[in-house]
1. Report those strands (runs of 3 or more DSSP E) wholly inside region 270-336 carrying at least 2 residues which are touching a strand residue (DSSP E or B) at 6+ places or on another chain (Cβ under 7 Å), more than 30 Å from ASP180 (Cβ to Cβ) and without any contact (Cβ under 8 Å) to a residue 24 or more places away in the chain.
2. Could you count how many residues in region 195-212 are within 14 Å of the chain's Cα centre (by Cα) and either polar (S, T, N, Q) or at pLDDT 95 or above (or both)?
3. Could you check LEU156 against (1) among the hydrophobic types (A, V, I, L, M, F, W, C); (2) closer than 17 Å to PHE234 by Cβ; (3) more than 21 Å from the chain's Cα centre (by Cα); (4) surrounded by 15 or more Cβ atoms within 10 Å (Cβ to Cβ) and say which number it fails?
4. May I ask you to list pairs of residues, at least six apart or on different chains, whose Cβ atoms are under 9 Å apart, with the first in region 15-34 being at pLDDT below 95 and the second being among the polar types (S, T, N, Q)?
5. Given the criteria within 33 Å of the chain's Cα centre (by Cα) and modelled with pLDDT of 95 or more, does GLN84 qualify?
6. Based on what the data block shows, is ASN160 touching a helix residue (DSSP H, G or I) at 6+ places or on another chain (Cβ under 9 Å) and under 27 Å from LEU37 (Cβ atoms)?
7. Restricting to region 379-391, and then to whatever is surrounded by 15 or more Cβ atoms within 10 Å (Cβ to Cβ) and at pLDDT below 95, can you tell me which residue is nearest to VAL260 (Cα to Cα)?
8. Using beta carbons and a limit of 6 Å, which pairs, at least six apart or on different chains, have the first residue in region 340-356 and assigned to a loop (DSSP other than H, G, I, E, B) and the second one acidic (Asp, Glu)?
Amino acid sequence: MLMAVALFLFASCRRELDVAPVATYDGKATHTIAQLLEFHPLTVGFTYDTLPQGIVIEGTVISSDKEGNCYKYITIDDGTAAVQIKINSSTLYPNYPLGQHLFVNCDGLILGDYGMLHQLGWWENDGIQGISTNKLYKYIFKDGVPGPNPQPSVELTSANQIQANMYNRLVRLKNVHFTDPGQVYANTTSSGTENEITFEDGTKIILYTSMYAKFANELTPAGVFDMVALLSRFRTTNQLVIRSLDDIGTAVVPPTYAEVIVNAMDLSQNPLDNGWTNQVIAGSNWEYMSGNAMRIVGSTGANDSWLVSPSINANGYDNLKLSFAHRSLSGTGNREVYYSTNYTGGDVQNADWTPLNINCTTSFVTFSQELPAELLSASNLRFAFRYHDNSNSTWMIKDFKVVSIVEQ
């Protein structure tokens, strides 16, 4: 009887999970960040100033080290200015996520600069050091839950618009592009890498990326972007720091490309008189159809006939692509296309040839394929059309060209 009553009472109790209270700060700021920065005039050196007692600032977190590019600091902005707070931890984003409102008690902290960029922290060993994580409770106080993702407070259309009160702030750069796209964000053999950003008016600024960024090995994109970044500097050089690749965004103007001809078959005259060669192991020769195409009409029996291009110097080009049109009047097998980097003439069997995967039909179709990156350093690149059918059929080639795809 007692056990039954106990089970009834236990089942009728509704257990609720404990919910951690939302942290709030019961004080208020005494100074804006802009007023705080006045306590340390910037110089060309690495200096600092002690702060008066009782200074409290507030602001919203606008930086994130989730992708490894904002190393051992958080940046807060209160609408008047922004400041870096140095903290001796490389994993700050779980405790101080984007949009988190904070109060900072500056008692015991110094305000200095690293390369003329304001920072809050401790002064030790002749430099600004991060606050120890076991002492953060004395200085940094969360206030409520994180708000929405912070938006840039400054919009720039030219590097000439940068002013002293913009540093450490989140900025939006309108209509910018990477001067030299296709480069890694950061070389992992150095502490950081600079990529140049160009505004629409031609002015430029540096994007600085740490070797420890998770996206260091990604390539900078082509196109025009409305980019978001933290505005930084080192002494007199303005710099940008992105928090993740999301800050680059989607191209507002996709890149356009043009084809630069590296080599083309001129059918206004006989290609066999302009560097193309017949290399016949067995069977028929390739022949010129005036102003129309190159063709081979196979002899009855074994054929192994090669039409070999002139030597092409591909060194110095980017993104090479091969294209040509071809058709076979009867039979579509035993027609192959190769490339070589070590054929110098004579017997084609003495060189190394790499096949391309082509399809042949009885009507003209265009084959197009980007060539492997390793060919971009080739100074003796050749192509060969090989016909080795054992029947009396025909293969025709025209519109042969090798082009480099160039961004405009």
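The values are calculated or read from the model by the stated rules, or taken from the named source; none is laboratory data. Source: prediction; values computed, not measured. Every residue, glycine as well, gets a Cβ built from its backbone with ideal geometry; the counts of neighbours run over all protein chains shown.
1. In region 270-336, the matching strands (runs of 3 or more DSSP E) lie at 286-289.
2. Of the residues in that region, 7 qualify.
3. If we test LEU156 against (1) among the hydrophobic types (A, V, I, L, M, F, W, C); (2) closer than 17 Å to PHE234 by Cβ; (3) more than 21 Å from the chain's Cα centre (by Cα); (4) surrounded by 15 or more Cβ atoms within 10 Å (Cβ to Cβ), just (2) comes out false.
4. GLY27/ASN105
5. yes
6. no
7. Among them, the one singled out is TYR387.
8. Between residues of region 340-356 that are assigned to a loop (DSSP other than H, G, I, E, B) and residues that are acidic (Asp, Glu), the close pairs are ASN342/ASP352.
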